[in-house]
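Notes follow the structure.
The values are calculated or read from the model by the stated rules, or taken from the named source; none is laboratory data. Given the structure is predicted, the values throughout are model-derived calculations rather than measurements. For neighbour counting, all protein chains shown are included, and Cβ atoms are generated from backbone atoms with ideal geometry for every residue, glycine included. Please note that ligands, DNA and RNA were not included when accessible areas were found on the heavy atoms of the full protein model with its side chains. Shrake-Rupley method; radii C 1.70, N 1.55, O 1.52, S 1.80 Å.
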Amino acid sequence: MSRYDAIIIGAGHNGLTCAAYLAMNGLTVKVVERRKVVGGAAVTEEFHPGFRNSVAAYTVSLLNPQVIADLDLAGHGLRIVERRAQNFLPAPDGSYLLTGEDHTHQSLAKLSERDALEIDAFNAELEVIADVLRQFVLRAPPNVVEGVSLNTLRESFNALESGAILRRLSLEQQRLLLDLFTLSAGDMLDDRFESDLVKALFGFDAIVGHYASPYAAGSAYVMLHHAFGEVNGRKGRWGHAIGGMGAITQAMAASARSHGAEIETGAGVREILVENGRAIGVTLDNGETLHGRYIVSNVNPTLLYTRLVPQAALPAPFAKRIARYRNGSGTFRMNVALSVLPSFTALPGAGDHLTSGIILAPSLAYMERAYQDARQFGWSREPVVEMLIPSTLDDSLSPPGAHVASLFCQHVAPTLPEGKSWDDHREEVADLMIATVDRYAPGFAQSVIARQILSPLDLEREFGLIGGDIFHGKLTLNQLFSARPLLGHADYRGPLKGLYHCGAGAHPGGGVTGAPGYNAAQTVLRDHQRIFL
């Protein structure tokens, strides 16, 4: 069969989510994926004999609970466990901050009595805002439309409903929401806390995957974006998928297939076929042509509109705007096989802290220097590193007694200055990342058996993450909510009839959420219903 109701480009988690919802509602669905495995950046692979890990995406929190339930991911084998501690931040002077239900206040009492009193109030304020914004996650934002039509009326009602949700906030909460959307995380945190480690705890969420200083305007929203999560019904928690992140996408693929969706790997798309202003199908790299009523893209908008859609088919103003769509995470990703667990100078030996997100960035000033370094030299001389050791929670990932660790490293320039290539500097920067961990946990470098390295260029080539951008586009005010990916196209519909967006370049943005896939599916289903009822 070469003719389908829907063809989905990319079998990442959002594409699989969209496919499952469309298939369970009776549409014939074909998913085509360039790589040999499903999952996009949420995959688990063996990178050294006996050692498996989540290759790119590496931790669970933002995966939407409705998506988990509707797709019956648990029934398809997914199991998520919570970290025994949430975050561990060691400092060079031997102090540390350890957070989590049984750890935060005991740890904070040694750092700052004021911050120990303040942190609960700050978390509560963020949670109130996050609770309201969670109501926007599984719905299309108000879309800007021209002229007067039924669509104009529909979007007017959407805007009214959105306004009604925001009006549930008190005036002071609305002020906080405005701050979170416009201020820098650094300025907000400097106003609230005195301990560098407490500021760094929240500041890391403002720069992770975001190539910017914690003092950049709008970075407070990136901090808030990471507060939406939950694990097994517990808000604000982070966890691990047993078997790695690939367990999520394998369960999604199984769900989609159980409803009749076809998924083909090793099937890259060469071009989207356009006829009379409508997307009608795709040509694969092998020359095969597939036709579909709805063409749904799970790839980065830059990739979609500069490489897959014929430029002559795009409205000129749209083509000009989308060419300026901003990408770039400043991310350098590593997986390492370890002979033994690391032991940190600040908190030696084993313990709950080794199950947490270990953040090596002891202050906002450290993060600021790392960003400025990357802009000037191409990478930070003292980089920001978050390390997770998932084998402390999941012994299926490594041989007995050995372990695997994920290193999510910031800041590096998405494109190196002076025409330099990441291919020539990958190993050098990897050595720096290992040495950075070794400064906090002496002996770590000696324990590394093998390593897998993904520079921004590697992330782009392997996973289609332009500039290594894990969010499929920067989370800046001009690329959020009704402006994601572009004002006038926040309703998951592209500028061509029959073309839709289901990836992280659509609202609500990046992270392993499933939300853009869900929302795009609802839009396609509404359009399908209008045609056939």
- [ ] Give me the accessible area per residue for region 463-533, probe 1.4 Å, as a whole number in Å².
- [x] 29 Å²
TODO: Could you tell me what percent of the accessible area of region 1-102 is made up of carbon and sulfur, with a 1.4 Å probe and every protein chain present?
DONE: 47 percent
TODO: Take the alpha carbon atoms of region 214-241, find their center, do the same for region 292-330, and report the distance between the two centers in whole angstrom.
DONE: 28 Å
Open item on the list: Angle check, please: helix 246-258 long axis (alpha carbons) against the longest principal axis of the chain (alpha carbons), in degrees 0 to 90, nearest 10.
Closed with: 20 degrees
Open item on the list: Considering only protein heavy atoms and a probe of 1.4 Å, how much of the accessible area of region 230-330 is carbon and sulfur, as a whole percent?
Closed with: 45 percent
TODO: Just need the relative contact order of the chain here, percent rounded to a whole number, with Cα pairs under 8 Å and 6+ apart.
DONE: 24 percent
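Within a Cβ distance under 14 Å of Ala251, other residues only, what is the Lys/Arg minus Asp/Glu net charge?
Spelling it out: positives minus negatives among the neighbours equals 0.
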Task: Average projected area [Cα convex hull, the chain], square nanometres - done: 23.9 nm²
- [ ] As a check on your grasp of the helix formula, calculate [θ] at 222 nm for the chain: sum -39500 (n - 2.57) over DSSP H runs of n ≥ 4, divide by the residue count, round to the nearest 500.
- [x] -10500 deg cm²/dmol
Open item on the list: Just to confirm my numbers, what's the Cα centroid distance between region 123-139 and region 249-267 in Å?
Closed with: 31 Å
Open item on the list: Let me check against my output: what whole-number percent is the relative contact order of region 1-91, with C-alpha pairs under 8 Å and at least 6 apart?
Closed with: 22 percent
TODO: Could you please state how large a percent of the accessible area of region 439-533 is carbon and sulfur, counting protein chains only and using a 1.4 Å probe?
DONE: 57 percent
Task: Unsatisfied cross-links (Cα-Cα over 25 Å) in the set Lys36/Lys474; Lys320/Lys497; Lys36/Lys235; Lys199/Lys235; Lys320/Lys474; Lys36/Lys497 - done: Lys36/Lys474; Lys36/Lys235; Lys36/Lys497
- [ ] Take every Cα pair under 8 Å in region 389-485 that's 6+ residues apart, average their separations, divide by the length, and report that relative contact order as a whole percent.
- [x] 17 percent
Task: Global form of region 161-206, assessed from the alpha-carbon gyration tensor, a/c cut-off 1.5 - done: prolate
TODO: Calculate the radius of gyration of the Cα atoms of region 227-382 to one decimal place, then report Dmax, the largest Cα-Cα distance, as a whole number, both in Å.
DONE: 22.6, 67
Task: Projected-area mean, region 356-484, by convex hull of Cα positions, square nanometres - done: 9.9 nm²
Open item on the list: Nearest 10 degrees is fine. How inclined is helix 426-440 to the longest principal axis of the chain, computing both from alpha carbons?
Closed with: 40 degrees
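Which value, in debye to the nearest 20, describes the size of the charge dipole of the chain about its Cα centre when Lys and Arg Cβ atoms bear +1, Asp and Glu Cβ atoms bear -1, and nothing else is charged?
1680 debye
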- [ ] Please report, to two decimal places, log10 I(q)/I(0) for region 227-315 at q = 0.22 Å⁻¹ as given by the Debye formula with identical point scatterers on the Cα atoms and no solvent.
- [x] -1.11
Open item on the list: Considering only C-alpha atoms, what is the centroid distance from region 1-54 to region 65-79, in Å?
Closed with: 16 Å
Task: Cβ-derived FRET efficiency at R0 30 Å, Arg426 paired with Ser156, nearest 0.05 - done: 0.05
Task: Acute angle (nearest 10 degrees) that the helix 13-24 long axis makes with the longest principal axis of the chain, alpha-carbon atoms - done: 40 degrees
